[in-house]
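Inspection log for the structure reproduced underneath, given as structure tokens.
The values are calculated or read from the model by the stated rules, or taken from the named source; none is laboratory data. Please read all numbers here as calculations on a predicted model, not as lab measurements. Note that we place each Cβ from the backbone using ideal geometry, even for glycine, and neighbour counts take in every protein chain shown.
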């Protein structure tokens, strides 16, 4: 399965909800990700920037998207980025493949 980082800008309403009911949100989110065929590995929060960072294992981007769109629709997030993550070994293989393409930039 592939790994993705979800960067979520949380809404003031989500922050207010957490103040009203302080709880470990990763426990709430784990079954949601599981229902979409994913696994929540890590959940980090930057309260200063109103951001949440989730590391997710998923069979595909579409599965991650189904969860992310739910976050937005529920009003917990105002913006979401989903960033695919690659282990370094795959990055090296990708670089080797890219190096062999022979692309020439304009004007060269």
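Looking at 30, 8, just one residue is within 15 Å of the chain's Cα centre (by Cα), surrounded by 14 or more Cβ atoms within 10 Å (Cβ to Cβ), in a helix (DSSP H, G or I) and at negative phi, and that residue is 30. Of all residues in the stretch 63-74, those satisfying the criterion of being surrounded by fewer than 13 Cβ atoms within 10 Å (Cβ to Cβ) and over 12 Å from the mean Cα position of the chain (by Cα) are 73, 74. A count restricted to the stretch 62-71 and to residues that are in contact with a strand residue (DSSP E or B) (Cβ under 7 Å, 6 or more places away or on another chain) and over 12 Å from residue 5 (Cα atoms) stands at 1. Taken residue by residue, the stretch 39-61 has no member that is closer than 20 Å to residue 1 by Cβ, free of Cβ contacts under 8 Å to residues at least 60 places away in the same chain and more than 14 Å from the chain's Cα centre (by Cα).
The conditions are (1) closer than 15 Å to residue 1 by Cβ; (2) in contact (Cβ under 8 Å) with a residue 60 or more places away in the chain, and residue 33 fails exactly one of them. Which is it? Unmet for residue 33, out of (1) closer than 15 Å to residue 1 by Cβ; (2) in contact (Cβ under 8 Å) with a residue 60 or more places away in the chain: (2). Exactly one residue out of 55, 80 is part of a strand (DSSP E or B), touching a helix residue (DSSP H, G or I) at 6+ places or on another chain (Cβ under 9 Å) and either loosely packed, with under 10 Cβ neighbours inside 10 Å or modelled with pLDDT of 90 or more (or both), and it is 80.
Give me the residue from the stretch 42-52 that is at pLDDT 95 or above and loosely packed, with under 14 Cβ neighbours inside 10 Å and, out of that set, nearest to residue 10 (Cα to Cα). Only one residue fits best here, namely 44.
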